[in-house]
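Report on the structure given below.
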Amino acid sequence: MLVLGIESSCDETAAAVVRDGRELLSNVVQSQIDIHKAYGGVVPEVAARSHIEVILAVIEQALRDARVSWDDIDAIGVTYAPGLIGSLLIGAVTACTLAVVKRKPLYNIHHVEGHVYANFLLEPQPAFPMLALIVSGNHSQLVLFQNHGDYRLLGQTQDDAVGEAFDKVAKILGLPYPGGPSISKAAELGDDHAFIFPKAHMQGQYDFSFSGLKTAVLRRAQQVCGVSHDFASIGLAALLNDAQRNNIAASFQRTAVETLVDKTVKAFEEFGPASVVIAGGVAANSELRRQLSQRLPIGITYAPISLCTDNAAMIAALTYYRTKLQQPADPYTLEVVPSLSM
Ligand code: KG4
Ligand code: ZN
C-alpha cells in the first residue's frame, strides 16, 4: 500500500511517499527556518502564506522522487492537529481537495503521534510494548504503546515543552533560532557542571516542567552579567562572553536532558517495555541520545535527524497503520484542531 503524507502544522511544508508503513520512497521538506530566523521565531501568518506558495510543488516533488503517479497512491494522510491553525489549514484543505479530485481515501493524522512513527521507518521496527519519549517544540511526554493505536499517556509537561525551553534559553544567550541545535553546538564548547540548575519535582511521577529551569537560566545569566532581576533578558546576550554563554548552554542542556532521561529510565523500570523510542525535534539532541544509551539497559531506536524534526514521512507511516484501524475521514467536513493532546 502506497501512502502520500502531507504535513504543514508549523514551519515546514512536507510531503512524502511511504510503502506499507515502513519503506520510505520519498521525503520532501521545505523548511521556512530562513524566513522566520529574522524574527527569532515562527510568525504564524507568514508561515501560512509560505505553505500556500510551495505546497503543491512539494507534493509533486514527493511523487516524482518516489517515481510514482497519482494512480499508484492508495491513500492520503494529513496532519489535522495540533499546530498553528493557519498552517494546519493549508495542508488540510490541500489534502481534502486532492482526496476528492483524485478519489483517494483520506486519513486525518495527529502530529505528535506521527512523530513516534518516524521510528517505524527503521529496520528492525520497534517491538511492543513500546515506551516513547516525545520531545518537540510543543510537547514533552512519555507514552506507553501496547500496540498501534493502543496507547496510554504516562505523563507530560505541565508548562513549557522542552524544545520551547531550548528555544527560549537560546534567545536569552543570543544564539540563533532554532534554539535546540544552537544550544547543542555551544554546549560542546562549555563546561556542563559550571552551573547547577534546579530540576522540578512534579506530583505526577512522569510529568515534566521546564518553565522554572528557563527562569533559573535567566536569573543566573543576569547574575553572571552583574545586572539586577529586572534587567530585560533581551539585553543579556551582548553582556555575556563566549565562555559564559557556552557554560550556561552546557549546564542547561545537561539539566534538561537529565530530567528527560531520569523519567524515561523510571518508566522503563516500572513497565519493562520491549523497546524504547525517542521522537520529535529534540530527539535530534546528541546529549539526549548519549545519556539514554548510557542509562538504559536496552538499545534505543534513533531515527536520523531528518526524520526527528517535522516531516511527512512519519505522517505517511502512521497513516498506513491507521488504515487498518479506522474509517477514512470525510474530505468535505474535515476540520483542523490547533490544540489536541494525543
Ligand atoms: O518536532 P519539531 O521539529 O517541531 C514541533 O513539532 O515542535 O521540534 C522542533 C523543536 C525546536 O524547539 C528545536 O529547538 C528542537 O526541536 N530541536 C532540538 C534539536 N534540534 C531541534 N533541541 C535540542 N537539540 C537539537 N539538536
Ligand atoms: Zn513536530
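Couple of notes before you dig in:
- Subset of segment 285-300 [open to solvent by less than 30 Å² (accessible area, probe 1.4 Å) and either over 19 Å from ALA161 (Cβ atoms) or at pLDDT below 95 (or both)]: LEU296, ILE300
- Residue match in segment 21-33 (condition: free of Cβ contacts under 8 Å to residues at least 40 places away in the same chain, in a helix (DSSP H, G or I) and either of a type in the set (A, V, I, L, M) or within 19 Å of PRO331 (Cβ to Cβ) (or both)): no
- Of the residues making up segment 286-299, those that are within 16 Å of ligand 1 (Cβ to nearest atom) and under 16 Å from ALA132 (Cβ atoms) number 3.
- Scanning segment 304-342 for residues that are among the β-branched types (Val, Ile, Thr) and touching a strand residue (DSSP E or B) at 6+ places or on another chain (Cβ under 8 Å) turns up THR309, ILE315, THR319, THR323, VAL336, VAL337.
- Selected residue (only one of ALA99, ALA118 is away from ligand 1 (no atom under 16 Å from the Cβ), open to solvent by less than 10 Å² (accessible area, probe 1.4 Å) and either at positive phi or assigned to a helix (DSSP H, G or I) (or both)): ALA99
- Candidates are the residues of segment 134-163 that are touching a residue at least 12 places away in the same chain (Cβ under 8 Å) and among the charged types (D, E, K, R); the one that is nearest to ligand 1 (Cβ to nearest atom) is ASP160.
- Residue among LEU131, LEU153 that is buried (at least 20 other Cβ atoms within 10 Å of the Cβ) and assigned to a strand (DSSP E or B): LEU131
- Qualifying position, being touching a residue at least 40 places away in the same chain (Cβ under 8 Å), under 23 Å from SER293 (Cβ atoms) and part of a loop (DSSP other than H, G, I, E, B), among GLY204, GLY190, GLY180: GLY190
- Qualifying residue in segment 106-114 (condition: open to solvent by less than 30 Å² (accessible area, probe 1.4 Å), modelled with pLDDT under 95, within 16 Å of ligand 2 (Cβ to nearest atom) and in contact with a His (Cβ under 8 Å, 6 or more places away or on another chain)): no
- Residue check for VAL58: assigned to a helix (DSSP H, G or I) and open to solvent by less than 70 Å² (accessible area, probe 1.4 Å): yes
- Unmet requirement for SER306, which otherwise passes all of (1) over 19 Å from the mean Cα position of the chain (by Cα); (2) open to solvent by 60 Å² or more (accessible area, probe 1.4 Å); (3) over 21 Å from ALA127 (Cα atoms): (1)
- Here ALA15 qualifies as of a type in the set (Gly, Ala, Ser) and either touching a Phe, Trp or Tyr at 6+ places or on another chain (Cβ under 7 Å) or open to solvent by less than 20 Å² (accessible area, probe 1.4 Å) (or both).
- When each of TYR80, TYR39 is tested for being at pLDDT below 95 and either within 16 Å of ligand 1 (Cβ to nearest atom) or within 22 Å of VAL337 (Cα to Cα) (or both), the lone residue that passes is TYR39.
The values are calculated or read from the model by the stated rules, or taken from the named source; none is laboratory data. Note that the structure is a prediction, hence the values are computed from the model and not measured. Cβ sites come from the backbone with ideal geometry, for glycine too, and all protein chains shown count toward neighbours. Ligands, DNA and RNA are stripped out before the accessible areas are found, and what is left, the full protein with its side chains, is counted by its heavy atoms. Shrake-Rupley method; radii C 1.70, N 1.55, O 1.52, S 1.80 Å.
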